[in-house]
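The values are calculated or read from the model by the stated rules, or taken from the named source; none is laboratory data. The structure presented is a predicted model; accordingly, all values stated were derived computationally and were not measured. Note: ideal-geometry Cβ built from the backbone for every residue, glycine included; neighbour counts use all protein chains shown.
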Amino acid sequence: MTTYHMVTSLDELAKLANYSLMDTLNCDPDAKSNGADHMSRQVFSGHYVPVKPTPIKDPEYVCHSKNFFLELGLADDMAKSLDFVRLFSGDISHVPHPMRKVGWACGYALSIYGREYYQQCPFKTGNGYGDGRAVSVLEAVIKGRRLEMQLKGGGPTPFCRGADGRAVLRSSVREFLAQDHMHALGVPTSRSLSLYVSKTEKVNRPWYSQGSLSQNPDILTSEAVAICTRVASSFIRVGQLELFARRARKNEHSKAMEELEKIVLHLIDREYFKDIDSNLTTAEKVICLAREFLGRLTSLIANWIRVGYCQGNFNSDNCAAGGFTLDYGPFGFCDAFNPHYQPWTGGGHHFSFMNQPVAAERNFHMFCMALQPLLTSHQECLGQLNEIRDSFAIVMQEKMEKMWAAKLGLGTFDVDLFRELEMLMVQTPVDYTIFFRELSMVPEEIGPLKKSFYNKADTEIMDTRWSKWFMKWKLLIDSVSSREAISEQMKLVNPKYSLREWFLVPAYQQAAEGNYTLLRELNEVMTRPYAEQSKEVEQKYYRPKPSEFLEVGGISHLSCSS
């Protein structure tokens with residue numbers, strides 16, 4: 001067993017640096033080697049552009065992920081050390097060797113719900129999409145794991161499309177807490193490392209006035225800029241593969257096919273090296289990749305629905321090719337169960353809560369389409385790829401049924417029982433998290449379940465229907481195992497706490513005033529989502545959404561959070 005020593009300084013962390021992306025993939029030939037590349041422009045080839053991030057002014061420590069620091073073997077006090085703060089607030093000009101004094105940003109294509117888009121980029125060509133304000137600053141092998149560290153809000157890059165490249169504290173708090181929470185829920189995700197805010201630098205953003213019922217932001221606010229550092233095994237997106245596949249299909253330049261193959265093989269090395277034999281041919285690896293990604297993506301979506309999470313904007317460029325949750329913009333955790341729940345005002349039905357399996361299928365089809373140019377001379381493999389692509393709906397349905405059975409404490413999925421429950425949850429309606437947690441207690445009658453009911457005015461008809469459903473469910477679980485065993489298993493699947501937007505709002509509002517107490521408290525609670533915590537925590541965070549927040553902008557719905 002390998003023994004790893006605690007990393008106590010940036011000098012020690014620097015020794016773990018290993019830049020596989022920049023060392024093995026193609027640099028944009030038009031890029032500036034010093035990374036001074038901050039104006040929006042077309043990028044025609046290459047896998048990455050060297051970019052030096054723009055530091056935020058007068059950075060102040062907000063928080064760091066204590067759990068993730070412990071997992072990586074990083075000393076807690078590093079998060080407040082001068083050189084660490086400097087690096088992860090955007091100033092990489094003084095990093096110790098062999099860290100590099102330039103970061104990188106990557107381009108990708110845009111597909112929305114399975115449709116390719118070109119015209120929305122400033123140049124009408126599709127060559128302007130990419131990491132507009134996300135700059136990776138370190139790739140390292142830590143405790144045997146290759147990880148990439150990326151600054152969200154690190155200033156403009158060639159892909160910024162004229163924007164300022166900044167993230168504000170509000171959106172950074174949301175992303176920091178959501179990544180920590182999702183990991184604690186057992187859902188694959190990028191991770192939070194640290195969060196710093198500028199004490200003096202602000203930008204204007206459209207947002208909602210207090211209590212606004214508007215669908216779209218109705219005021220312009222001045223907000224402090226911040227940088228949340230997110231970490232993942234890679235940040236390769238389905239949209240990245242699409243970009244290189246489009247260029248290969250159109251033979252846009254002499255290295256187009258080579259660049260597609262290199263990014264696909266790099267993806268396998270970064271994300272699937274344990275699952276795909278390195279001795280296989282490229283064509284064989286491509287088939288294995290499609291099969292593995294199918295398994296990961298369907299499991300991910302089933303997990304999203306299990307915990308009540310809606311991505312909101314699940315374009316292919318927001319779909320990690322490694323099969324984990326990426327890019328927490330207009331996300332949300334549902335309060336009242338609603339199959340059409342959509343936190344983002346611009347998302348529409350196609351990215352709504354219970355339509356996420358279909359949205360994922362569209363992204364998977366684009367993923368498979370991106371792999372096709374590599375198989376043009378391998379017809380047998382191309383046929384296999386098409387079979388894998390066409391199997392998505394079946395595999396997704398199997399994962400969903402297994403997930404619902406687990407949430408209900410059943411050995412096998414009962415379609416009639418579930419359909420009746422889904423109808424009842426909508427008609428009552430019920431708080432999604434609280435209902436399933438109360439059900440996990442395996443009560444004697446429906447009384448405890450009513451803690452989750454938003455409509456407290458019970459009708460005799462609804463009461464009767466709920467009681468009939470409940471008795472059917474009790475008969476089924478009694479045939480599975482002891483109620484105590486079922487209860488314990490269900491509580492491992494159904495969290496007690498979820499990161500609702502009305503918890504987030506006061507946390508980032510207080511943070512804007514320099515008070516981080518509530519933010520840190522929320523992080524403590526939401527990183528133990530399955531635990532029975534104190535009575536004080538329960539009273540504060542285990543309750544249905546208050547009526548005064550219904551339909552309020554920035555709480556019940558939001559525009560793209562930036």
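Restricting to the stretch 86-101, give me the number of residues that are crowded, with 20+ Cβ neighbours inside 10 Å and of a type outside the set (S, T, N, Q).
6
Applying the selection to the stretch 235-258, what residues are in a helix (DSSP H, G or I) and either buried (at least 22 other Cβ atoms within 10 Å of the Cβ) or among the β-branched types (V, I, T) (or both)?
Matches in the stretch 235-258: V238, G239, Q240, L241, E242, L243, F244, A245, R247, A248.
Only one residue in R270, R306, R296, R246 is over 27 Å from M149 (Cα atoms) and either free of Cβ contacts under 8 Å to residues at least 12 places away in the same chain or under 20 Å from the mean Cα position of the chain (by Cα) (or both), so which one is that?
R306
Examine the stretch 165-185 for a residue that is touching a residue at least 60 places away in the same chain (Cβ under 8 Å), surrounded by fewer than 24 Cβ atoms within 10 Å (Cβ to Cβ), touching a Phe, Trp or Tyr at 6+ places or on another chain (Cβ under 9 Å) and in a loop (DSSP other than H, G, I, E, B), and state whether such a residue exists.
no
Report yes if F367 is of a type outside the set (K, R), crowded, with 20+ Cβ neighbours inside 10 Å and at pLDDT 95 or above, otherwise no.
yes
When you check V480 against the structure, is it at pLDDT below 95 and farther than 30 Å from A163 by Cβ, yes or no?
Taking the combined requirement at face value, the residue satisfies it.
In the set K66, K52, K57, which member is charged (D, E, K, R), crowded, with 21+ Cβ neighbours inside 10 Å and touching a Ser or Thr at 6+ places or on another chain (Cβ under 9 Å)?
Of K66, K52, K57, the one residue that is charged (D, E, K, R), crowded, with 21+ Cβ neighbours inside 10 Å and touching a Ser or Thr at 6+ places or on another chain (Cβ under 9 Å) is K52.
Going by what's in this entry, would N313 be described as within 23 Å of C121 (Cα to Cα) and either assigned to a loop (DSSP other than H, G, I, E, B) or modelled with pLDDT under 95 (or both)?
yes
Going by the structure shown, is G153 crowded, with 23+ Cβ neighbours inside 10 Å and small (G, A, S)?
The answer is yes for G153.
Please verify whether V62 is within 24 Å of the chain's Cα centre (by Cα) and among the β-branched types (V, I, T), treating the condition exactly as stated.
Yes, satisfied.
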